[in-house]
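Worksheet for the structure shown next.
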Amino acid sequence: MSQNVELDHVSHRFDDFVAVRDVALDIRAGEFFSFLGPSGCGKTTLLRLIAGFIEPAAGRIRIGGRDMHGIGPNRRPTAMIFQNLALFPLMSVADNIAFGLEVRGVDRTTRRRRAEALLELIALPGQGDKRVAELSGGQRQRVAIARALAVEPAVLLLDEPLSALDLKLRQHLRAELRALQRRTGVTFVYITHDQGEALAMSDRVGVMNAGVLQQVAAPEVVYADPATPFVASFVGENNRIDGTVRHCADGRALLDTALGPLVGRCPAALAAGSRAALFVRPERLRPDPAGACDNRLELRVRTRSFEGASVQVGAAGADGTPLTLALGNLGELPALAADSALAVGFAAADATVLAP
């Protein structure tokens, strides 16, 4: 049965370096939750804190409502899949899967039956007698997941388990992993720096930077309504235009920028005269020769990259501010020769204004 994980203002430091700073979060039972952030942001430290490999310097961790202070990794209702998988090459696939059960004193017949059931679950039926070396990278990944599930954890912790695989295999396995989580109902806590993985698989995403949890929300919300400039810049592609707030009211802010006055959604009140940045996604910029949009920009084309379903356009304003457009290939793309003029526009609802 899955359980929730509560992080009650958890902090941790290594000597003078603060790896995790005052993280407060409740990961729901049965949820697929991902921590997303750059290398060194503290996400792996958080996973190790939940697993019990290290104790927090401050705060408490509760799993299923039970305080985990002083409870070691072998006594917690968790299992962990490491980045390098850590499978035993001299054991068969079935013995790898059943290893945790053997340590717990489960008899061989029960272990074998459980291993065979898990091989069915991960779509590798009849492969139990093979050696690990005979499996592909994706198959080994699934065996590592089955080994973790064999001990029936309430919470499964995954530390960038797909990072060593090629792109096509990662894309295939992340769909399998999400489907497996839904079938088992186990709480998954997933660590990744890959935005595609986090957005595609997760019920919610926690974006971290420098040990601070900056935003926790559904993937669609993190992408469309970033809470901080870091989240806006880190998650997906984004155009940033700096300016000064002229007016802010009713959830909208008007900025004076080097590209002219621009208006966008404003999730928090901003004082007139303060500095702020407007963020707008490349796919939200559209050719607008008639000036029909809320915002209009006069740009010069710098680069053009045809990518089949879309055309990526690099452009710049008169002051040199770089902007990227992603234009859908609908058969009516405008002329985009280098150094040609391009008028683009975007709706105020498609832009977010944030304090720096």
Next item on the list: Kindly provide the set of residues from the range 97-110 that are without any contact (Cβ under 8 Å) to a residue 24 or more places away in the chain and part of a helix (DSSP H, G or I), ordered by number.
Entry: GLU102, VAL103, ARG108, THR109, THR110
Notebook entry, point to check: Scanning for something assigned by TED's automatic domain parsing to the domain that holds CYS266, closer than 25 Å to VAL245 by Cβ and in contact with a strand residue (DSSP E or B) (Cβ under 7 Å, 6 or more places away or on another chain), does the range 301-314 turn up at least one residue?
Noted result: no
Item checked: Where LEU173 falls short, out of the listed (1) part of a loop (DSSP other than H, G, I, E, B); (2) under 27 Å from GLN3 (Cβ atoms); (3) more than 15 Å from the chain's Cα centre (by Cα); (4) in contact (Cβ under 8 Å) with a residue 12 or more places away in the chain -> (1)
Next item on the list: Using the structure shown, decide if VAL106 is assigned by TED's automatic domain parsing to the domain that holds LEU177 and in contact with a Lys or Arg (Cβ under 6 Å, 6 or more places away or on another chain).
Entry: no
Next item on the list: Say whether the condition of being in the same structural domain as ARG170 (by TED's automatic domain parsing), out of contact with any Leu (no Cβ under 8 Å at 6 or more places or on another chain) and at negative phi is met by at least one residue in the range 142-154.
Entry: yes
Check: Only one of (1) at pLDDT below 95; (2) among the charged types (D, E, K, R); (3) under 24 Å from LEU162 (Cβ atoms) fails for ARG112. Which number is that?
Finding: (3)
Checklist line | Per-region count, the range 265-295, residues farther than 22 Å from ALA224 by Cβ and either in contact with a Phe, Trp or Tyr (Cβ under 9 Å, 6 or more places away or on another chain) or of a type in the set (Ser, Thr, Tyr) (or both) | finding: 1
Check: Looking only at the range 147-169, which residues are part of a helix (DSSP H, G or I) and crowded, with 20+ Cβ neighbours inside 10 Å?
Finding: ARG147, ALA148, LEU149, ALA150
Check: How many residues does the range 315-329 contain that are within 10 Å of PRO282 (Cβ to Cβ) and not aliphatic (A, V, I, L, M)?
Finding: 1
Item checked: Selected residue (criterion: nearest to ALA349 (Cα to Cα)) from residues of the range 306-323 that are loosely packed, with under 15 Cβ neighbours inside 10 Å, within 29 Å of the chain's Cα centre (by Cα) and hydrophobic (A, V, I, L, M, F, W, C) -> ALA309
Notebook entry, point to check: buried (at least 20 other Cβ atoms within 10 Å of the Cβ) and either outside the structural domain of LEU327 (by TED's automatic domain parsing) or in contact with a strand residue (DSSP E or B) (Cβ under 8 Å, 6 or more places away or on another chain) (or both): does that describe GLY243?
Noted result: yes
Next item on the list: Test each condition in (1) surrounded by 15 or more Cβ atoms within 10 Å (Cβ to Cβ); (2) assigned to a strand (DSSP E or B) for THR303 and report the one that comes out false.
Entry: (1)
Next item on the list: Consider GLU237 carefully, then state whether it is surrounded by fewer than 18 Cβ atoms within 10 Å (Cβ to Cβ), in contact with a Leu (Cβ under 9 Å, 6 or more places away or on another chain) and outside any strand (DSSP E or B).
Entry: no
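The values are calculated or read from the model by the stated rules, or taken from the named source; none is laboratory data. Keep in mind the model is a prediction, meaning the values are calculated, not measured. Positions of Cβ are generated from backbone atoms using ideal geometry, with glycine treated the same way; all protein chains shown enter the neighbour counts.
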